[in-house]
Amino acid sequence: MPVLNEAPYLRRAVESTLAQEIPGPVELVLALGPSSDGTTELARALAEEDERIVLVDNPAADIPVGLNAAIRASTHPTIIRVDAHSELTPGYAARALETLARTRAGNVGGVMRADGRTPFQRAAAWAYNSPVGLGGGAYHGGSREGEAESAYLGVMRRAVLEEVGLFDETIRRGEDWELNLRIRTAGYRVWFDPALSVTYWPRERWTRLAQQFLATGRWRGELFRRYGRRNSLKYFAPPALVILVALAAISGALQLAGVPAPGLAVATWALCAPLIAYAALVAAVAIGARAPGPFGWRERAWLLAVLPTMHLSWGTGFLTGAVRGAHDTVDTSRLSGRNTPLP
């Protein structure tokens, strides 16, 4: 479990992990980044309460560095990745181990069920769980068990991880997708089991959500530079939307400025038509959205902002990463100036 500035969430995450019942020994390795909210002190207190908790340092706060440090410090043949901003459902570990043995896969993952505690967070959670928000990946709400491109978090065989070389420490976002690509390339299967469920808490503020998706999109652009057509087609929808918005804005500005150009008016309307359709789709989705628990007019109002924020921030980041690379891009939505070890 990589950890950075997670004081409000860490205890619940640790408790839900150590409450898992499996036939065998368990240890929980926390890779501690340089937190400033008391998280490190809380982690040390938790380790004093339970000898199964092992602490390792992750001073760089990078996701793959912390994960690799935790894996190297662990001692058992199966690795279950967990996050401090998530909570495992009862029976998760036992079911995952059974699925791993039954399918003989190299990595097994389940559904990331986003949830929220405020109107904004509930709106973001709805977008996470919907194909309209994040493109319909299996772990964002799939219901059919089978082989998958990637896995949320992941329950992995240590032998397979060591064979493919653990996480790539040059990648700060999308490191799980890249690892699963190497697992599949090595001849092992990545398996999705919808019976596995993890509760995930999205960013709590609109600006932080935009920062997160901008950084994630830029790293996806970097992965496109590295792996080209191995990236799924769904990743190209948000950048296409950004390009469409830019072209429509340029065309509209030229028309308003009175620039003489044959067919400019037709081109402007041709570019605006799909954007109008997109806006209508977002409005219809916000009006018709349903979710367990409270989901009223405030959640729907936020959804009108959340969906375009996700798409446009991610798409802008993708285009930037595809053209210039990600370099040292970090997600500062949890801690200014440092990377966050969260998905």
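State the answer as a single residue: which of A127, I80, A261 lies farthest towards the positive end of the charge dipole of the chain, with beta carbon charges of +1 for Lys and Arg and -1 for Asp and Glu, about the Cα centre.
A261
May I ask for the distance between the Cα centers of segment 4-22 and segment 263-304, given as a whole number of Å?
Result: 37 Å between the Cα centres.
If each of A94 and E51 carries a label point 7 Å out from its Cα toward its Cβ, how far apart are those two points in nm?
Distance between the two pseudo-spin positions: 2.5 nm.
Using a basic spin-label model with each label point 7 Å from the Cα along Cα→Cβ, how many nm lie between T118 and L18?
So the label points at T118 and L18 sit 3.0 nm apart.
Among 23-35, 108-120, 68-80, how do they line up by average Cβ neighbours within 10 Å per residue, starting with the highest?
Order by mean packing, descending: 108-120, 23-35, 68-80.
Taking 0.36 nm per residue of separation and subtracting the Cα-Cα distance, what length does fully extending R72 through R205 add?
Once the chain is fully extended between R72 and R205, it gains 44.4 nm.
Roughly to the nearest percent, how much of the accessible area of the chain is carbon and sulfur, given a 1.4 Å probe?
Here carbon and sulfur together make up 59 percent of the probe-accessible area.
Using a Gaussian network model of the chain with C-alpha springs under 10 Å, which one of E48, E169, E149 is most mobile by mean-square fluctuation?
Its mean-square fluctuation being the largest, the pick is E48.
Given Cα positions, please report Rg to Rh for the chain, the hydrodynamic radius being the Kirkwood one.
Using only Cα positions, Rg/Rh for the chain is 1.00.
Determine the per residue accessible area of segment 8-107 with all protein chains present and a 1.4 angstrom probe, expressed in square angstrom.
45
So which trypsin sites (Lys or Arg not before Pro) in segment 163-207 are both in a DSSP loop and have at most 14 other Cβ atoms within 10 Å of their Cβ?
R205
For segment 173-254, what is the accessible area per residue in Å² when the probe is 1.4 Å?
Per-residue accessible area for segment 173-254 comes out at 43 Å².
Dipole size in debye (nearest 20) for segment 17-72 around its Cα centre, Lys and Arg Cβ +1, Asp and Glu Cβ -1?
220
The values are calculated or read from the model by the stated rules, or taken from the named source; none is laboratory data. Small disclaimer: the values here were computed from a predicted structure and weren't measured. Glycine also receives a Cβ, built like all others from the backbone with ideal geometry; neighbour counts cover every protein chain displayed. Remember, those area values only see protein heavy atoms, side chains included, never the ligands or the DNA or RNA. Shrake-Rupley method; radii C 1.70, N 1.55, O 1.52, S 1.80 Å.
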